[in-house]
1. I'd like to verify a number: residues in the stretch 12-44 that are aromatic (Phe, Trp, Tyr), over 18 Å from Lys87 (Cβ atoms) and within 18 Å of the chain's Cα centre (by Cα), how many?
2. Of everything in the stretch 76-110, what is more than 19 Å from Ser11 (Cβ to Cβ) and modelled with pLDDT under 95? Give them in sequence order.
3. Name the residue, out of Pro53, Pro19, Pro46, Pro59, that is free of Cβ contacts under 8 Å to residues at least 24 places away in the same chain, of a type outside the set (A, V, I, L, M, F, W, C) and in the same structural domain as Cys111 (by TED's automatic domain parsing).
4. Please enumerate the residues belonging to the stretch 59-104 that are out of contact with any helix residue (DSSP H, G or I) (no Cβ under 8 Å at 6 or more places or on another chain), among the hydroxyl-bearing types (Ser, Thr, Tyr) and surrounded by fewer than 21 Cβ atoms within 10 Å (Cβ to Cβ).
5. Kindly check whether there is at least one residue in the stretch 40-50 that is within 30 Å of Gly273 (Cα to Cα) and in contact with a Ser or Thr (Cβ under 8 Å, 6 or more places away or on another chain).
6. Filter the stretch 249-299 down to residues that are at pLDDT below 90, crowded, with 17+ Cβ neighbours inside 10 Å and small (Gly, Ala, Ser), then give me how many there are.
7. I'd like the full set of residues that are crowded, with 22+ Cβ neighbours inside 10 Å and not aliphatic (A, V, I, L, M), limited to the stretch 120-132.
8. Please tell me if Gly198 is at pLDDT 85 or above and not charged (D, E, K, R).
Amino acid sequence: MSNKAQGPDISYYDGSFDPAKATKQIDFVIQRISYGGYNGGVYEDPAYRKMYPAVARVPVRGGYHYFSTSSEWKRQADFFLASLHDKDFHFLALDFESAFNQLSAGASYNCDQWMSYVQKETSKRVLFYTNLSLYNLHGYHYCSKWPLWLAWYRFWPWCSPDKPIALPKKRTSGQWSFWQWQCEINKPPFVNTSRQWGCSANAIDLNVYNGTPAEMLAWVNGPISPSPTSAPTEKRGRVIVGSLRLRDNPLGNIIGRLPYMTIVTILETSTIGPITWARVGDRQWAAMINSGTIYIEEL
């Protein structure tokens, strides 16, 4: 059996949670606190407050938010922060999945903004959760600098947290914090596995930390680095095409145009594929260079 720290992640879908009823050693638990809806709303997990007293009895506790591209990132972050302000979590995470979302590199930019803001406001560790394929398609653009909680289930039915984990783009050996190695287990020989982990539902998600329980406690109690988002260096530029489309994030929605010869302040740049994007205002991005063709000339 693995010597890595192990624990479930839980939400409303797991019914109830009581670590005293578990037959497995629960080293940590990660609870869903809130989620963004496909209708633009932001909501608490229906079982969050009911489950929390039991969660609070687990030695190491994480809390996460399910990100929605239908709702502005800061609105989701502020709601999440308001929901956890009187609770005691050791680390936090953002869940980036495809369900109910319109995905793009711009979506991962907004995830990066959410994580930077939440870490700054809480001074807690913040992790990026997603699956292998979604990370490689979109998540790595902006989120490769964040600690990783990776969902990857290749080894069914020979499930084991001791098998080697697949590494996504821009990650080298060992560059992951948590691995969700099985999702909603409810097949032989794992029927009723959720009861072993203190839940009442018929299925459960299982995770390992990339280290022993003692190493995880050292990680939780160790110093927290500043947000990996570096301060941008401002530059001046000028539009040198007839009219340049302005977007709310790289590859995002068109929100206006910059006329020919407009003078702009380049707050930061980001390269995605052949395009280098320039942020010229709050949630205002324009293509600066596309496959070598210059759209905004630096002054």
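The values are calculated or read from the model by the stated rules, or taken from the named source; none is laboratory data. As the structure is a computational prediction, the values presented were derived from the model and not from experiment. All Cβ positions, even for glycine, are placed from backbone atoms using ideal geometry, and neighbour counts span all protein chains on display.
1. Selection size over the stretch 12-44: 1.
2. Across the stretch 76-110, the qualifying residues are His85, Asp86, Gln102, Leu103, Ser104, Ala105, Gly106, Ala107, Ser108, Tyr109, Asn110.
3. Working: Pro19 fails: free of Cβ contacts under 8 Å to residues at least 24 places away in the same chain; Pro46 fails: free of Cβ contacts under 8 Å to residues at least 24 places away in the same chain; Pro59 fails: free of Cβ contacts under 8 Å to residues at least 24 places away in the same chain.
That would be Pro53, the only listed residue that is free of Cβ contacts under 8 Å to residues at least 24 places away in the same chain, of a type outside the set (A, V, I, L, M, F, W, C) and in the same structural domain as Cys111 (by TED's automatic domain parsing).
4. The answer is Ser70, Ser71.
5. Narrowing the stretch 40-50 to residues within 30 Å of Gly273 (Cα to Cα): 40.
Add one more test, that the residue is in contact with a Ser or Thr (Cβ under 8 Å, 6 or more places away or on another chain), and what stays is 40.
Within the stretch 40-50 (the criterion being within 30 Å of Gly273 (Cα to Cα) and in contact with a Ser or Thr (Cβ under 8 Å, 6 or more places away or on another chain)), the answer is yes, since at least one residue qualifies.
6. Here the count works out to 2.
7. Within the stretch 120-132, Phe128, Tyr129, Thr130 qualify.
8. Working: at pLDDT 85 or above: yes; not charged (D, E, K, R): yes.
Spelling it out, Gly198 is indeed at pLDDT 85 or above and not charged (D, E, K, R).
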